[in-house]
1. Being outside any strand (DSSP E or B) and touching a strand residue (DSSP E or B) at 6+ places or on another chain (Cβ under 7 Å) is the filter here; which residues of the stretch 236-262 pass it?
2. So the check is Cβ under 8 Å with 6+ separation or different chains; which pairs have a first residue in the stretch 164-176 that's in contact (Cβ under 8 Å) with a residue 60 or more places away in the chain and a second one that's among the aliphatic types (A, V, I, L, M) and not in a strand (DSSP E or B)?
3. If I ask for residues that are among the hydroxyl-bearing types (S, T, Y), assigned to a loop (DSSP other than H, G, I, E, B) and touching a residue at least 40 places away in the same chain (Cβ under 8 Å), which ones from the stretch 203-235 would you list?
4. Scan E47, E81, E75 and give me the residue that is under 44 Å from the mean Cα position of the chain (by Cα) and modelled with pLDDT under 75.
5. Might you let me know whether the stretch 184-195 holds any residue that is at pLDDT below 90 and assigned to a loop (DSSP other than H, G, I, E, B)?
6. Given the condition outside any strand (DSSP E or B) and surrounded by fewer than 15 Cβ atoms within 10 Å (Cβ to Cβ), answer yes or no: does some residue in the stretch 280-288 qualify?
Amino acid sequence: MPEMSQKTWLLVVASLVLVVGYLGFQLSARNTTIGLLNDDNAGLTLEKDQLILDLEKMRFSYDTLETENSMMVAELAAQQERIDGLLTKVKNGYWEVAKLKKEAETLRSIMKGYIGTIDSLNQLNMALLDENLAMKEQMEAVSQENADLVERQENMEDMLEAGQTLQVAEFLPTGVRVLSSGRQRDTDRADRSDMLRVCFTILENRIAPVGDKTLRLRVTDSDGNVLPSADGDSDFSASRTVDYARDRLDACVFYEYPDDSVLEPYRPGTYLVEILEGSTVIGTTDLVLR
């Protein structure tokens, strides 16, 4: 085999140097590309993690929004579902950073609008609560005023009723002895009294109703027994109807023991004498028989 000349060797070596240089350049360019791709991948991973963090923070922010408006509650739930969908896409690798960032910004803008709306609704609710409280206080004040008016009216009615009640004065009770001639003679002796007479004066009363007034006489002996009436009533002893015209009026009520078989119906002692209009005692005095 013929030996290569020196010139040929030089050509071979030069060719090998060129090939090695070209391969080294290609390897360097490939390494540079791989480095860039690794940097891009790291940047994308960082953006992915940041996007996940932003979406989770936004999800938490939506959770903190509170409102009693049913329509707003439904809208908030729908936006939370959108955030959950984005998180699922990002975590599973089905994502485009630019597109998902844009959608996340849209959700953030919507959330800011919700915050403003909910704040306005809360302020409106507070205003309504204050207004309701003021109205409640006014209603309570009106109710109290009405109660006071009712009480005043009842008091006035009681005062009017009390003012319309007749009053008597100048009481003069006495025992009466009936002589054989029919004449009557006053006596303070129990054993000589055939009947009792109670005279009095009804005082003037300008607000009392005019017309017939039935006055009752109640005589109670020292043992606490009411002298019985002719009708057998145990609450009063006798009664009389007078025509009252709001002026002073002198009147007398006579009482005679209803049982003729009792020889001495009146016993010595102090008798309580009362005049009643209805159930109201309008005058009282004592009668002493010895």
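1. F236, S237, R248, E256 - these are the residues of the stretch 236-262 that are outside any strand (DSSP E or B) and touching a strand residue (DSSP E or B) at 6+ places or on another chain (Cβ under 7 Å).
2. T165/A208; L166/L203; L166/A208; Q167/L203; V168/L203; A169/L203; G175/A190
3. Of everything in the stretch 203-235, just one residue is among the hydroxyl-bearing types (S, T, Y), assigned to a loop (DSSP other than H, G, I, E, B) and touching a residue at least 40 places away in the same chain (Cβ under 8 Å), namely S222.
4. When all the criteria are applied, what remains is E75.
5. Checked the stretch 184-195: no residue is at pLDDT below 90 and assigned to a loop (DSSP other than H, G, I, E, B).
6. no
The values are calculated or read from the model by the stated rules, or taken from the named source; none is laboratory data. Note that the structure is a prediction, hence the values are computed from the model and not measured. Reconstructed Cβ throughout: ideal geometry from the backbone, glycine too, with neighbour counts over all protein chains shown.
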